[in-house]
Structures are given as C-alpha cells and as structure tokens.
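These notes are about the structure you will find just below.
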Amino acid sequence: MYYILNKFFFVFHSTWIIFNLFGWMWKKTRLANLITLSLTAFSWFILGIWYGYGFCPSTEWHWQVRIKLGIYDMPSSYLKFLIDSMTGLNISEGAVDIFAFVFLILAFSVSIMINIKDWKKKHK
C-alpha cells in the first residue's frame with residue numbers, strides 16, 4: 001500500500017507544481033490555477049507560520065509514506081528532491097527555495113493579471 005501511495009504522491013505533487021507554473025496558459029484552467037496557487041501560497045506563508053515557511057501538506061504526507069518504506073534521508077523541500085532525483089545533482093536548499101519562491105510569485109502574478117483581464121472582458 002505504501003508503495004502505491006509513494007507513486008501517487010510523486011505524480012500528484014509533481015502535477016500540482018506543473019499546473020501551478022503553467023495552468024494560467026489555458027483559458028479553461030485559469031481560475032483553477034489561481035485557486036491552486038492561492039492554496040500553495042496559503043500553505044507556504046500562513047500554515048508556514050506554525051510549521052515552517054514553505055510548508056506543504058503533500059510533502060509532509062509523502063515523507064511520512066517514504067518513512068514507512070524505510071526511506072529516511074529526505075530534504076525538507078520536495079522541489080529539491082525532484083531536482084536532485086532527476087538530475088543527479090545536489091542543489092543547495094537555499095538555491096531551490098529562492099527558485100521556488102521566484103517562480104511562485106511570477107506564476108501567481110501572471111495568473112492574477114490574466115484572471116482579472118478575463119473577468120473584465122466577461123463583464124464588459
């Protein structure tokens with residue numbers, strides 16, 4: 001069961017990240033993209049007050065599953081895990097955190113602007 005959950009979280013979390021970055025590109029997914037970006041920002045910055053900035057419930061749950069599978073050496077950042085796993089590199093957590101923050105802000109800004117533009121066009 002934990003093996004299946006491990007795969008599920010890998011696919012789910014990776015898809016969430018890709019959707020956050022690019023979901024604003026298609027008119028039909030723009031509102032959903034704004035919602036997922038808002039949930040991500042809420043998790044990182046509001047829940048992060050109590051759990052540490054950048055907190056992600058999906059990462060927490062995935063790491064708990066991996067611990068059940070006997071995998072204990074996990075970084076605090078899921079994005080670092082992905083980058084290191086896919087490239088074989090060992091990128092610093094600080095660099096990954098900056099990268100993640102910058103791209104969240106960029107994607108969020110674009111999503112807000114495009115959703116406002118769509119809303120104005122619809123209510124003209």
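The values are calculated or read from the model by the stated rules, or taken from the named source; none is laboratory data. Quick caveat: nothing in here was measured; it's all calculated off a predicted structure. Glycine also receives a Cβ, built like all others from the backbone with ideal geometry; neighbour counts cover every protein chain displayed.
Look through the range 57-79, keep the residues that are touching a residue at least 60 places away in the same chain (Cβ under 8 Å) and not in a loop (DSSP other than H, G, I, E, B), and return whichever of them is farthest from the chain's Cα centre (by Cα).
First pass over the range 57-79, keeping only residues touching a residue at least 60 places away in the same chain (Cβ under 8 Å): 65-66, 68-69, 78-79.
If we keep only those that are not in a loop (DSSP other than H, G, I, E, B) as well, we get 65-66, 68, 78-79.
Numbers: Val65: 18, Arg66: 18, Lys68: 23, Tyr78: 8, Leu79: 8 Å.
For the range 57-79, the residue satisfying everything is Lys68.
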Over the range 25-40, the set of residues of a type in the set (A, V, I, L, M, F, W, C), within 12 Å of the chain's Cα centre (by Cα) and farther than 23 Å from Met74 by Cβ is Leu37
Considering the range 25-38, residues that are of a type in the set (A, V, I, L, M, F, W, C) and part of a helix (DSSP H, G or I), and then whichever is farthest from Leu82 (Cα to Cα), we arrive at Leu31
When every residue in the range 39-56 that is in contact (Cβ under 8 Å) with a residue 12 or more places away in the chain and in a helix (DSSP H, G or I) is compared, the one surrounded by the fewest Cβ atoms within 10 Å (Cβ to Cβ) is Ala41
Pairs returned, first residue in the range 11-29 that is without any contact (Cβ under 8 Å) to a residue 40 or more places away in the chain and polar (S, T, N, Q), second residue that is surrounded by 14 or more Cβ atoms within 10 Å (Cβ to Cβ) and assigned to a helix (DSSP H, G or I), beta-carbon separation under 6 angstrom, 6 or more apart or interchain, are Thr29/Gly23
Pairs returned, first residue in the range 88-109 that is of a type outside the set (Asp, Glu), second residue that is assigned to a loop (DSSP other than H, G, I, E, B), beta-carbon separation under 9 angstrom, 6 or more apart or interchain, are Val96/Pro75; Val96/Ser77; Phe99/Ile91; Ala100/Gly54; Ala100/Ser77; Phe101/Gly54
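Residue-by-condition table, conditions (1) at pLDDT below 95; (2) within 17 Å of Ile71 (Cβ to Cβ); (3) surrounded by 13 or more Cβ atoms within 10 Å (Cβ to Cβ):
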site	(1), (2), (3)
Asn6	no, yes, yes
His13	no, yes, yes
Phe22	no, no, yes
Trp26	no, no, no
Leu31	no, no, yes
Leu34	no, no, yes
Filtering the range 1-37 down to residues that are under 27 Å from Asp118 (Cβ atoms) and β-branched (Val, Ile, Thr) yields Thr15, Ile17, Ile18, Thr29, Ile35, Thr36
